[in-house]
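Q: Dumping the structure here so I can ask a few things about it.
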Amino acid sequence: MDDVAATRFATMPWSELLGFEMVHHEPGVVTLRIEPRPEFHNQNGTVAAPISFALAEATGAAVIVMEFLDLLGETYTVVREAHLDFLAAARGPISSTARLDPARIAEIRAIVTAGGEVDQPVQADVTDESGRVVARAAMTLVVRPVRR
């Protein structure tokens, strides 16, 4: 994993606040993990829905943003819409993985650096420690140049 990308991600204020950790990064693949604190559990003792949603959303965005670190001041990536299907209750640490074809990332880079905007669908799977998928997120990310 690229230490620069992991360090960049780890020092984002919201990532520090929630305790997200980047455990895997390669072009087109990002996995984030959280060891939920007690206050991140619901009344049933399972990981609260907003925590799973935040982890999935962050992973979906990171699979693009981590490939644009050299353009951070020039590009803007944001979630336009997101939907999360909760498939099973999660207990303990959870991870989320998002994948996007590196060739597609290169296409997005070319469009955005030429001044265009891209709406890119991304999926992220949230898993428990056993690898069981406990939630699946589908989102659309907007990637565009920064408007000045």
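Q: Amide H to amide H under 5 Å from Arg99: which residues, 5+ apart in sequence or cross-chain, H placed 1.01 Å off N in plane?
A: Answer set, sorted by chain and number: Gln123.
Q: Please give the helix 102-113 orientation as an angle from the longest Cα principal axis of the chain, in degrees from 0 to 90, rounded to the nearest 10.
A: It is inclined by approximately 50 degrees.
Q: Mind listing the long-range amide H neighbours of Met12? Cut-off is under 5 Å, sequence gap 5 or more, other chains count too, H placed in the peptide plane at 1.01 Å from N.
A: none
Q: Here is a further query. Compute the separation of the alpha-carbon centres of region 73-148 and region 3-65 and state it in Å as a whole number.
A: Comparing the Cα centres of region 73-148 and region 3-65, I get a distance of 12 Å.
Q: Along each principal axis of its Cα atoms, how long is the chain end to end? Whole angstroms, biggest number first, please.
A: Computed over the Cα atoms, the extents are 50, 28, 27 Å.
Q: Add +1 for every Lys or Arg and -1 for every Asp or Glu among the other residues with Cβ under 9 Å from the Cβ of Thr75, and state the total.
A: Every neighbour counted, the sum reads +1.
Q: By how many degrees, between 0 and 90 and to the nearest 10, does the Cα long axis of helix 49-65 differ from the longest principal axis of the chain?
A: That works out to roughly 30 degrees.
Q: Can you give me the long-range amide H partners of Leu87? Hydrogens built in the peptide plane at 1.01 Å from N, cutoff under 5 Å, separation of 5 or more residues or another chain.
A: For Leu87, the qualifying residues are Ala135, Arg136.
Each value in this text was obtained by applying a stated rule to the coordinates, not by laboratory testing. What you see is a predicted model, and the numbers here were worked out from it, not measured in a lab. Backbone-built Cβ (ideal geometry, glycine too); neighbour counts: all protein chains shown.
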